[in-house]
Amino acid sequence: MLSLKEKDRPVVRKLLCAGCCVRCVLRFCCVGISSAYRRSYQDIHKELLTFINEENSPSDEVKTDEPPNKRMRVEEDCVTPAEKETNSDICPVCLGILQDFCDSTFAKQVSDAVKKQQYEFDSLVLTVSLPAQLSVREHSCWLHVKKEVREKSMCLGKDDVIQVKDAFKWAVQGKIGQELGAAVLANSPCEVSVGFVHPETEEDCHFLANTCPDCFKPTKNKASIFTRMAVVKALEKISDEKFSRHYPCPPKRPNTRCTALDTTCLHTSVFIAGRYNKFSRELPQTPWVIDGERRMDGSVEELIAAPLLSSFRADGFNFSSSGREDVDVRTLGNGRPFALELLNPHRAKFNRTEIKQLQETINQSSDKIRVRYLQIVTREATSRMKEGEEEKTKTYSALIWTQKAIDDTDLEFLGNIKDLKIAQKTPLRVLHRRPLAVRQRLIHSMSAVYLDTHHFTLKLCTQAGTYIKEFVHGDFGRTKPNLCDLMKTEADILELDVESVDIDWPPAIPD
């Protein structure tokens, strides 16, 4: 049953006479039961015709000698000579979307397109893109019906009308899900999108640009000013009288049906986290490109990302980490936390054993890096890597050269320095990519191990974001105080290692 009421009878008749398809009739009768739209077009059509002719049935005590088959030719009696001339049976409101694209044939067409793209999922969400002019035609039909219901002291709010998008989904998404063997949900990481265009009626919206010019503003990312949102906004502003002067009510039947666009799929990003060690002094964290020319082969992010991109069959990636080391700096100890966003992965589910195998694949691919604690995390979890980053501490080990000859006693005072405040202007070597600023940083503690008269190892525990090289040599006085000032001699850094990045993320995973 279609759950139609007595008050719907004149509305059904009026809509059929206007050439509306049977699902649009249900929409304007505010039938919100999804199962009604899943029924075949022929079944709905038959029940609607029966419904509008019940007023002439014996139960209503109205006698007629008219044969039933003649009484049920309502639509033919309503068609105007102009419409007969076009020989069109296309719905003037949905432009054929709810007529020709709600059956198993279209559902299979969509599912075949999804299967061709080789996504793996157990649920999906169906999204639908409709031509903006459908909003104009919907408004026109609503005004047409509103006049009928007003004469019978009834009310039909525009918001009460079931949207074309909802009716379409109710009719077809179950069939698509069945073809794909997946549940169709309101929310899912996998999105299947179908869209429609109708070139014949594209000019339906144009009169609105003259009547409501402030609603249509050119934008960089839109090919046309007649977006659905802009059209809806204009329709909310225009009066019924002005609309009726510029656009027919009901809308005219088109000569052509909508065309379905290619089905597209998109899976939400998958986020992979872990910690990496870098053992090479000739490996940048990210690709090193200067003036369009690549300076070094490989990078930390590429060595990590390559096996993951292949296994997840992703379209691309974004790499982020808790700070970064220079190309000639090693990262030792427990490693540096990182997160990798895999864009549009075609496979998203991996169990713990498979992730561990991916970690081994990365580690076996190069002796320049090592990854640990590899795991899938949520987007929200990755923010913890950056939270309070400057309040975190990092530990370094540096090989120092001094111009002046030194002995053990010259280094003892360094161990007594605690929470040394330094001011660092943006280093000259990074000024091309970072704004000029003076940053206050803390050297929490230092200790030194004497090597020979001109060399020693310096251990530092510092606030994250401290430029260690500049603290040692002073960067032409841009870092104050610096090690040269403290030791009263010229000094430089020969080698630098990151010993620890003190962020408790991601969670450790036992081997």
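The values are calculated or read from the model by the stated rules, or taken from the named source; none is laboratory data. Source: prediction; values computed, not measured. Cβ coordinates were reconstructed from backbone atoms using ideal geometry, including for glycine residues, and neighbour counts include every protein chain displayed. What goes into the accessible areas is simple: the full protein's heavy atoms, side chains included, and nothing from ligands, DNA or RNA. Shrake-Rupley method; radii C 1.70, N 1.55, O 1.52, S 1.80 Å.
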Does segment 397-511 come out rounded, prolate or oblate by the C-alpha gyration tensor, with a ≥ b ≥ c the root eigenvalues, rounded set by a/c under 1.5 and, if not, prolate when a/b is larger than b/c and oblate if not?
oblate
In terms of modelled amide H atoms, which long-range or inter-chain residues lie less than 5 Å from the amide H of residue 327?
none
Per residue, in Å², the accessible surface of segment 368-426 once ligands and nucleic acids are set aside, probe 1.4 Å:
56
Around residue 490, which amide H atoms from residues at least 5 apart in sequence, or from another chain, sit under 5 Å from its own amide H, with H modelled in the peptide plane?
403, 404
Could you rank the peptides 368-377, 218-227 by their average count of other C-beta atoms within 10 Å per residue, with the highest value first?
368-377, 218-227
When the solvent-accessible surface of protein heavy atoms is calculated with a 1.4 angstrom probe, in what order do 288, 505 fall, highest first?
288, 505
Within the set 169/349; 356/392; 222/349; 14/252, which residue pairs have Cα atoms separated by over 25 Å?
169/349; 356/392; 222/349
Under 10 Å from the Cβ of residue 363, count the other residues' Cβ atoms, weight Lys and Arg +1, Asp and Glu -1, and hand me the total.
0
If amide H atoms are modeled at 1.01 Å from N in the peptide plane, then the residues at a separation of 5 or more from residue 238, or on another chain, having amide H under 5 Å from its own are none
Charge context of residue 232, other residues only, Cβ under 15 angstrom, K/R +1, D/E -1
+3
Cβ crowding within 10 Å averaged over residues, with 173-184, 429-440 ranked highest first
173-184, 429-440
Sequence order, segment 264-281: Karplus ³J(HN,Hα) from phi using 6.51 cos²θ - 1.76 cosθ + 1.60, θ = phi - 60°, Hz rounded, Gly and Pro as x, gives 10, 10, 8, 9, 4, 4, 10, 10, 10, 10, x, 10, 10, 9, 10, 9, 9, 9
Where the accessible area of the chain is counted over protein heavy atoms with a 1.4 Å probe, how much of it, in %, is carbon and sulfur?
49
Once the other residues with Cβ under 12 Å from the Cβ of residue 404 are scored (Lys, Arg +1; Asp, Glu -1), what is the net sum?
-2
Per the C-alpha gyration tensor (a ≥ b ≥ c, the square roots of its eigenvalues), segment 180-243 is rounded if a/c is under 1.5, else prolate if a/b beats b/c, else oblate; here it's prolate
If you average the sequence gap of Cα pairs under 8 Å that are 6 or more apart and divide by the length of the chain, what percent do you get for the contact order?
13
Take peptides 231-240, 325-334 and line them up by average Cβ neighbours within 10 Å, highest first, as a rough protection proxy.
325-334, 231-240
Given only helices, namely DSSP H runs of n ≥ 4 each adding -39500 (n - 2.57), what is the per-residue ellipticity at 222 nm of the chain, to the nearest 500 deg cm²/dmol?
-9000 deg cm²/dmol
Mind sorting out which of (1) 14; (2) 23; (3) 45 is the real percent of Cα pairs over 44 Å apart computed from the coordinates?
(3)
Rounded to the nearest 10 Å², what accessible area does residue 504 show when all protein chains are kept and the probe is 1.4 Å?
130
Table column - 3J(HN,Hα) (Hz), segment 96-104, Karplus curve with 6.51, -1.76, 1.60, x for Gly and Pro:
x, 4, 8, 9, 10, 10, 10, 9, 5
Under the Karplus relation 6.51 cos²θ - 1.76 cosθ + 1.60, θ = phi - 60°, what is the ordered set of whole-Hz ³J(HN,Hα) values for segment 505-511, x standing for Gly and Pro?
6, x, x, 5, 10, x, 5
Keeping all protein chains in place and using 1.4 angstrom, which order do 245, 228, 379 fall into by accessible surface area, from largest down?
245, 379, 228
